[in-house]
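The values are calculated or read from the model by the stated rules, or taken from the named source; none is laboratory data. Here the structure is a predicted model, which is why all the values come from computation and not from measurement. A quick note on method: Cβ atoms are made from the backbone with ideal geometry, for glycine too, and the neighbour counts reach across all protein chains shown.
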């Protein structure tokens, strides 16, 4: 049996499954700062307790009003149903190690749309970078038609990149390994549902997107969505090293626990259990 043929097929199947899963739990963010300019970012839907949140990068939302942010869902007819009620951010300024934030959406969203939210069970705090495959998901600006975006319409095209955790000399000294997740961002990769290599678009717009790990040490060693765990929120990239950098999700949870006293016990229990098993 030709293993060189099997591995790309396995990777493509894995990539397609997680791309579809991540897309169902992700949104694009249209950022309208005025002056006829529009930028976009990425976010991940997360439910904690009775709060429905969008995890993203702080630099995308810290200096913009909620009324200037448009949520773009995979089914565009439902995008206008996302009413934002609150935001929070940690860091996000140039030179900050932390760059994480969230948007809260009105809970009526679950009654009016098919939006799917991750739960705390989908999050992992520790992983073995040697044995695990990684995954990066978001909405690159290069793939969003600007004319439509200016009219507050988005035709979302996502990037689902199966990759690996950066190790050794590929990680520069400016990265804080206690805070950050670092993934290889190659020039080519298996994108979306395609089974062939394509050039990877510039990562602008992926800020706030999700970083995932496949953990083969779980009870079921097969690669699949059941083994996928949300580990990081993309914040920047370093082109000279071809790496994407994100903050670990644990810091997002700590921010949410600070801002939502009613969620503190739920989050602290999850974090405490995770730390006890690492």
Study note, to complete from the structure: Filtering the range 50-81 down to residues that are surrounded by fewer than 16 Cβ atoms within 10 Å (Cβ to Cβ), outside any helix (DSSP H, G or I) and modelled with pLDDT under 90 yields 75
Point to revise | Matching residues in the range 163-175 - criterion: being at pLDDT 85 or above and surrounded by 12 or more Cβ atoms within 10 Å (Cβ to Cβ) | key: 163, 164, 165, 166, 171, 172, 175
Point to revise | Scan of the range 82-123 for residues that are surrounded by 13 or more Cβ atoms within 10 Å (Cβ to Cβ) and in a helix (DSSP H, G or I), ordered by number | key: 109, 110, 112, 120, 122
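Quick check on the range 146-159. Is at least one of its residues within 27 Å of residue 181 (Cα to Cα), in a strand (DSSP E or B) and modelled with pLDDT of 90 or more? Working first, answer last.
Filtering the range 146-159 down to residues within 27 Å of residue 181 (Cα to Cα) leaves 156-159.
Remaining after also requiring in a strand (DSSP E or B): 159.
Now narrow it down to the ones that are modelled with pLDDT of 90 or more: none.
Among the residues of the range 146-159, not one is within 27 Å of residue 181 (Cα to Cα), in a strand (DSSP E or B) and modelled with pLDDT of 90 or more, which makes the answer no.
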Exercise for review: Go through the range 224-253 and give me each residue that's over 12 Å from the mean Cα position of the chain (by Cα), buried (at least 20 other Cβ atoms within 10 Å of the Cβ) and closer than 14 Å to residue 135 by Cβ.
Suggested key: 227, 228
Review point. If you scan the range 157-171, which residues turn out to be over 15 Å from the mean Cα position of the chain (by Cα) and farther than 17 Å from residue 248 by Cα?
Key: 168, 169, 170
Check your understanding: Which members of the range 38-64 meet the condition of being out of contact with any strand residue (DSSP E or B) (no Cβ under 9 Å at 6 or more places or on another chain) and farther than 23 Å from residue 18 by Cβ?
Key -> 49, 50
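Before we move on, is residue 12 in a strand (DSSP E or B), over 16 Å from residue 206 (Cβ atoms) and at pLDDT below 85? Outline the logic, then answer.
Working: in a strand (DSSP E or B): no; over 16 Å from residue 206 (Cβ atoms): yes; at pLDDT below 85: yes.
Taking the combined requirement at face value, the residue does not satisfy it.
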Review point. Considering only strands (runs of 3 or more DSSP E) fully contained in the range 193-252, which possess at least 1 residues that are touching a helix residue (DSSP H, G or I) at 6+ places or on another chain (Cβ under 8 Å) and modelled with pLDDT of 75 or more?
Key: 210-214, 228-238, 243-248
